[in-house]
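*Asks:* Please read through the structure below; I'll follow up with questions.
The values are calculated or read from the model by the stated rules, or taken from the named source; none is laboratory data. Just so you know, these numbers come straight off a predicted model, no measurement behind them. Ideal geometry is used to build each Cβ from the backbone, glycine not excepted, and the neighbour counts take in all protein chains shown. Just so you know, the surface numbers come from the protein's heavy atoms only, side chains and all, with ligands and any DNA or RNA stripped out. Shrake-Rupley method; radii C 1.70, N 1.55, O 1.52, S 1.80 Å.
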Amino acid sequence: MAAEVATGPMTGKLVVRGIGLLLSGDLARPILDADAIVAIDGRIAQIGRLADLDADDADLVIDAKGSAVCPGLIDSHCHPVFGDWTPRQNQLGWIEMGVNGGVTTLVSAGEVHLPGRPKDAVGVVALAITAQRCFRNFRPAGARVIAGAPVPELDFGREVYEKLAEAGIRHIGEIGLGTVAKGADAARVTGWCRELGLESIMHTGGPSIAGSHFVAREDVLAAQPDVVSHINGGPTSIAHEDVRALCAQARGAIEIVHNGNERSALVCLEAMRAEGRLADLLIGTDAPAGSGVQPNGMLRMITLVASLGGLPTEEAVCLATGNVARKRRLDDVGLIEPGRSADLVFLDRPQHSSGRDLLEATSLGDIPGIGMVVIEGHVRAGRSRSTPPAHGAPLVVAREGR
């Protein structure tokens, strides 16, 4: 189990050179004409051709050896508890293994798997603050876990959400996992959240755990949450005509997840493209779940929409990076651009794939192989223990002044 306190970003200059393909995470420009990145104190400072950058006097040099580089993946939907442990599967190290799958940031949709989870207002507020503070100080394998997502209950008044906002909680857990689930009740909560600056997310589809509820299209449209969580079900999907209706009428971001109905995810992708709303489409895993923990869940969703959904791989990556960052107000991560955190995933086609390169291999249904993961300038994983071996992998070629 990775038991790491937050150590802060790398100090000094990081130079990444020899990049074969640079994926930005930005749908407007998903591929950058660049072969090098310079980061200072854990943040991206320059992007471009190596000869044009201030790449001298580096404290750390990584030669990508022709690998592709993309932003660290952001899991838009997960259910952490405490530490790098999940009681749902009684498994240790699931977040660390997710880092090996390219995930550098995870966003909690509620700490609902905690044994004995309190449901009274005092307990819910206390749990949210505790979870948020714990994961602020604890970074499994360097990953950020944005935790503290309280699940709404019917007997909570506006003052409960006021306390959460005052404590620095940024978003609530899934509406529908507690006693708040249906249209008018959900709309009341999302209204308070909008007034207080809290992000609202809403379960969609059939119950996922005992005590949760079926949330229908009508409930979501009445509430208009900021994020329509797992529109493809968590795990049971609403009807496909309802998926299409929400893609057209829900004003918030639309999320598809690994632990859902894959056919419904593709229906959603088709509908969002038809509506011109691809920038509103997010990817998550909804892990840990009854079907287990999937360290490659984000990569598998990228591959699903690229291979069966026909979305170019470079755009599919955006659904798991820049789209999540922008829609969920994560200003430090998710894009390869100056000022963002140096969270970098080095990836390539898996060995012996019939695809000639990363983009083609993914379009054919092969998940990428990861050769290295960097978070805030720190190397956090080498050749991945989760993915198939990458055809090519980067090397640390210089570590000056260390």
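*Asks:* Explain nothing, just the number: dipole magnitude of region 123-259 about its Cα centre with +1 on each Lys and Arg Cβ and -1 on each Asp and Glu Cβ, in debye rounded to the nearest 20.
*Replies:* Charge dipole, region 123-259, about its Cα centre: 480 debye, nearest 20.
*Asks:* A further question on this structure: Can you give me the accessible area per residue for the chain, using a 1.4 Å probe, in Å²?
*Replies:* With all protein chains present, the chain gives 36 Å² per residue.
*Asks:* Loop sites only, by DSSP: take the chymotrypsin sites (Phe, Trp or Tyr not before Pro) in the chain that have at most 16 other C-beta atoms within 10 Å and name the longest stretch containing none of them.
*Replies:* Longest run free of exposed loop sites: 215-402.
*Asks:* I would also like to ask the following. May I ask for the net charge around ALA248, where only other residues with Cβ less than 10 Å from the Cβ of ALA248 are counted and Lys, Arg are +1 while Asp, Glu are -1?
*Replies:* Taking every other residue near ALA248 into account, the sum is +1.
*Asks:* Now for a different question. Can you list the aspartates and glutamates whose alpha carbon is less than 14 Å from that of LYS327, not counting same-chain residues fewer than 8 positions off?
*Replies:* ASP26, ASP75, GLU199, ASP226, GLU255, ASP280
*Asks:* Relative to the longest principal axis of the C-alpha atoms of the chain, give the angle of the C-alpha long axis of helix 183-196, reported between 0 and 90° and rounded to the nearest 10°.
*Replies:* 50
*Asks:* Let me ask you something else. How large is ³J(HN,Hα), in whole Hz, for each residue of region 62-76 in order, when computed from phi with the Karplus curve 6.51 cos²θ - 1.76 cosθ + 1.60 and θ = phi - 60°, using x for Gly and Pro?
*Replies:* Whole-Hz 3J(HN,Hα) from phi for region 62-76: 10, 9, 5, 6, x, 5, 7, 10, 9, x, x, 6, 10, 7, 6.
*Asks:* Let me ask something else about it. Straight-line reach from LYS65: which lysines have Cα under 26 Å away, leaving out those fewer than 8 places along the same chain?
*Replies:* LYS13
*Asks:* Another question about this same structure. How large is the charge dipole for the chain, taken about the Cα centre, if only the Cβ atoms of Lys, Arg (+1) and Asp, Glu (-1) carry charge, to the nearest 20 debye?
*Replies:* Once rounded to the nearest 20, the dipole reads 440 debye.
*Asks:* Give me the lysines in straight-line cross-link reach of LYS182: C-alpha distance below 19 Å, same-chain residues under 8 apart excluded.
*Replies:* List returned: LYS119.
*Asks:* Using θ = phi - 60° and the Karplus relation 6.51 cos²θ - 1.76 cosθ + 1.60, list the HN-Hα couplings for region 251-258 in order, rounded to whole Hz, with x at every Gly or Pro.
*Replies:* So the Karplus estimates, Gly and Pro as x, are 7, x, 5, 10, 10, 10, 10, 5 Hz.
*Asks:* What angle do you read, to the nearest 10 degrees and between 0 and 90, between the alpha-carbon axis of helix 240-249 and the longest principal axis of the chain?
*Replies:* The two axes meet at around 80 degrees.
*Asks:* Let me ask something else. Carbon and sulfur together cover what percent of the accessible area of region 1-133 at a 1.4 Å probe radius?
*Replies:* 51
*Asks:* Loop only by DSSP, 13 or fewer other Cβ within 10 Å of the Cβ. Give me the trypsin sites (Lys or Arg not before Pro) in region 322-365 that pass, ordered by residue number.
*Replies:* Taking region 322-365 and a limit of 13 other Cβ atoms within 10 Å, the loop trypsin sites (Lys or Arg not before Pro) found are ARG329, ARG356.
*Asks:* Give me the net charge for the shell around ILE175: Cβ to Cβ below 11 angstrom, other residues only, Lys and Arg +1, Asp and Glu -1.
*Replies:* Residues close to ILE175 contribute a combined charge of -3.
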